[in-house]
Every structure is written in C-alpha cells, then in structure tokens.
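Report on the structure given below.
The values are calculated or read from the model by the stated rules, or taken from the named source; none is laboratory data. All values derive from a computational prediction rather than experimental measurement. Every residue, glycine among them, receives a Cβ derived from its backbone with ideal geometry; neighbour counts consider all protein chains shown. Side chains included, ligands, DNA and RNA excluded: accessible areas come from the protein's heavy atoms. Shrake-Rupley method; radii C 1.70, N 1.55, O 1.52, S 1.80 Å.
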Amino acid sequence: MKFKVLFFLFFLQFIYSQETENKNLVKFNHDIRFNAIVPLNFGANFLNESNDSNVGVGTNFSFLRIDNFKLGAGYDFIYYTTSDITRAGNVNGAALHTFYGDVSYEIKVLEKLNIEPYFGFGGAELKFRSTGRNFGKQTGNNLRIGFNTDYKLAKRLSAFVGVCYSHYNLDINTSPEFVSFYDNAKMIQINIGLKIH
C-alpha cells in the first residue's frame, strides 16, 4: 500500500512538472533591435552597378518565443545614389524598403555572449526619386539568412554585430534582354546596433 501511495505521488509530481514545463515553453518575447546597416551589393544587377549605397537603418522586434526559437518582424531602409544615369534614367536615387518576418534561434556561448542565427522572408519596395519627385517603384520579395552576435552590456541591454545575406527578386516590365539586370539584387549586410531585452 505504501508503495502504491509513493508511486501515485511520484506520478503526480511528474505530471505537474511536465505541465509546468509546457506552460513556460511558449511565451511572449520583447527583444527589440535598432541597427545601422552597411550594405555591400554585388553581382550583375541594377543596384550594384548603377548606384552607390549609403549607410542604412533597420529595426527588428521578436514578439514570440518557443523554447530558444523566436518569431519576429523587421524593417530595413537603405538609400542609393545614382552613379550611372545611362542605366538608371533621370533619377537622383532610390530608396529600398524591406519588410520581413523571421525565425531566429538563440545560442548561449558564454555568460554575456549569445549567437543568434536566423532566416526570414518578406516584401520589398524600391522607390525612385529625383529632386523631390517620385518616379515610380519596383516591388518584389526578399529572402535573408544571417546571424547576430550579442554581447550583454547591462541587464536589459546588449550590443550586437551581425552579418546577413539578402536576396531580392523584383518585378520589372522591360525588354527581355534587360530583365536579368533589373529583376534582382544581392547584398551582404553588416549590422551594428543595440538590442533591448
């Protein structure tokens, strides 16, 4: 009889432990990143060969956490100055807006050091401007993969440096021989900023 009671109590404790663990498995997260972006465009495409990139800005908000996985959303803004008017036309520059969702995974390396790989997908708009006037836009999608390295400065503040490969597919209506030049963009982004958690 004592054995049955002990077994029953052990079983109840095991079930309670499992329920407690599962309740904490999914929770709301509140990591916010603010960063500068150094874009390094490459390849035979319009953004790389006909424009000079400027330092951009970005932000990312992770709102849901499942164990060490985080679900988030972000926005990047990068401005380009036209360097080749023969291919860019009568515009002074272009603004690249990227909106995306992402999934990341937090890996603790040391007490104050984390690495967070991620991948994401979203939409993009490339808006053309010249002396205060809009000259249309291209829309498309963006695929990204990268990682951030976080170093904890205080209880709720970290500095981070990250690298991201970002690929853009853009809609274009032009002669077939020019499509491959205007319908894509590729870049490596160096991200430097602060994370509030």
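Laid out as a table, the results:
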| quantity | calculated |
| --- | --- |
| Cα-based convex hull volume of the chain per residue, rounded to whole Å³ | 151 Å³ |
| Rounded, prolate or oblate (a/c below 1.5 giving rounded, otherwise prolate when a/b exceeds b/c) for segment 116-187 by Cα gyration tensor | prolate |
| Probe 1.4 Å, accessible area per residue of the chain, Å² | 60 Å² |
| Among the listed pairs 70/155; 70/137; 27/112, those beyond 27 Å (Cα-Cα) | 70/137 |
| Amide proton proximity set for residue 130, modelled H, under 5 Å, gap of 5+ | 92, 135 |
| With Cα atoms, 0 to 90° folded angle of helix 2-23 axis to the chain main axis | 20 degrees |
| Within the chain, helix-based [θ] at 222 nm, where runs of 4 or more DSSP H residues each add -39,500 (n - 2.57), nearest 500 | -5000 deg cm²/dmol |
| Protection-proxy order for peptides 70-80, 146-156, each taking the mean of Cβ atoms within 10 Å per residue, highest first | 70-80, 146-156 |
| Most fluctuating residue given options 82, 139, 174, as computed from a GNM of the chain linking Cα atoms under 10 Å | 174 |
| Fraction of accessible area attributable to carbon and sulfur, the chain (%, probe 1.4 Å) | 65 percent |
| Max mean-square fluctuation residue, GNM over the chain, Cα-Cα springs under 10 Å, options 184, 35, 134 | 134 |
| Over segment 75-135: Kirkwood hydrodynamic radius from C-alpha pairwise inverse distances, Å | 14.4 Å |
| Semi-axes of the equivalent ellipsoid for segment 29-142, Cα gyration tensor, largest first, Å | 33, 14, 12 |
| Most mobile listed residue (110, 96, 126) in the chain, GNM with C-alpha springs under 10 Å | 110 |
